[in-house]
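These notes are about the structure you will find just below.
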Amino acid sequence: MSKNIVILISGGGSNMAAIVRAARQQDWAGRHGIRVAAVLSNRQDAAGLAFAREQGIATEVLDHKTYPSREAFDAALAQAIIAHDPALVVLAGFMRILTPAFVERFAGRLLNIHPSLLPAFTGLDTHQRAIDAGCRFAGCTVHEVTAELDVGPILDQAVVPVLPGDTAQALAARVLTQEHVIYPRAVLAHLLRNQ
């Protein structure tokens, strides 16, 4: 029985690409029956779509601006996801706040990555806020998505040092390298734990 992953992106999709590469390198399909079935985006110009297509992965764009409400968009998005029979839905730089109804529909199989050591610095501008607070360490967190933003159960974390003179951009780049390590690991662990 194949376990399908559907990944949602809005931009470059570097975390999506990290998951796809890990799945290939570690032969998730052959060893565990796990495959990235589709990459969906709310933006036609999301650069990650080209990478997904090059890998032979189904892609689809649902432009949120063409829907009359957040609820209408989320309902259409849910239908597009369900068409791929997902065991897991992975948010990888998907820049939309999802409605409670959407989150409830995929409860327990909806993951996100956040560029801080949750529960610290939920929301936006995490790197600058960590620097401003004088943190000596920052990092990233993979968590289950719940109706409340950035507070779902924590599945994996990675820590990086905040270096003297760090800018938000420099810290973000260092954190992103760790996101690419822990997100594929957390996705695989979650699917194996819930088979």
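The values are calculated or read from the model by the stated rules, or taken from the named source; none is laboratory data. Owing to the predicted nature of the structure, the values given are computational and were not obtained by experimental measurement. For neighbour counting, all protein chains shown are included, and Cβ atoms are generated from backbone atoms with ideal geometry for every residue, glycine included. The protein model used for the area step is the full one, side chains on, heavy atoms only, and it has no ligands, DNA or RNA in it. Shrake-Rupley method; radii C 1.70, N 1.55, O 1.52, S 1.80 Å.
Would you mention how many residues in segment 173-188 are under 15 Å from the mean Cα position of the chain (by Cα) and either of a type in the set (A, V, I, L, M, F, W, C) or modelled with pLDDT under 95 (or both)? Adding up the residues that qualify gives 7.
Given the residues Val175, Val142, Val103, which is the only one that is in contact with a Pro (Cβ under 6 Å, 6 or more places away or on another chain) and surrounded by 17 or more Cβ atoms within 10 Å (Cβ to Cβ)?
Numbers: Val142 fails: in contact with a Pro (Cβ under 6 Å, 6 or more places away or on another chain); Val103 fails: in contact with a Pro (Cβ under 6 Å, 6 or more places away or on another chain).
The unique qualifying residue is Val175.
Residue under question is Ala186, and the condition is that it be of a type in the set (A, V, I, L, M) and open to solvent by less than 30 Å² (accessible area, probe 1.4 Å); does it hold? It would help to see each step written out before you state the result.
Numbers: of a type in the set (A, V, I, L, M): yes; open to solvent by less than 30 Å² (accessible area, probe 1.4 Å): yes.
Yes; evaluated as a whole, the condition is true for this residue.
Look at segment 162-178: where a residue is within 14 Å of Ser116 (Cβ to Cβ) and a partner is charged (D, E, K, R), sitting 6+ places away or on another chain with Cβ atoms under 7 Å, you get Val162/Arg136. Where strands (runs of 3 or more DSSP E) fall entirely within segment 75-147, those with at least 1 residues that are modelled with pLDDT of 95 or more, of a type in the set (Gly, Ala, Ser) and more than 12 Å from the chain's Cα centre (by Cα) are at 86-91, 137-144. Does segment 30-44 include one or more residues that are open to solvent by less than 60 Å² (accessible area, probe 1.4 Å), in contact (Cβ under 8 Å) with a residue 24 or more places away in the chain and in contact with a Phe, Trp or Tyr (Cβ under 6 Å, 6 or more places away or on another chain)? There is at least one residue in segment 30-44 that is open to solvent by less than 60 Å² (accessible area, probe 1.4 Å), in contact (Cβ under 8 Å) with a residue 24 or more places away in the chain and in contact with a Phe, Trp or Tyr (Cβ under 6 Å, 6 or more places away or on another chain). Among the residues making up segment 148-172, those that are at pLDDT 95 or above, surrounded by 15 or more Cβ atoms within 10 Å (Cβ to Cβ), under 18 Å from the mean Cα position of the chain (by Cα) and of a type outside the set (Asp, Glu) are Ile154, Leu155, Gln157, Ala158, Ala172.
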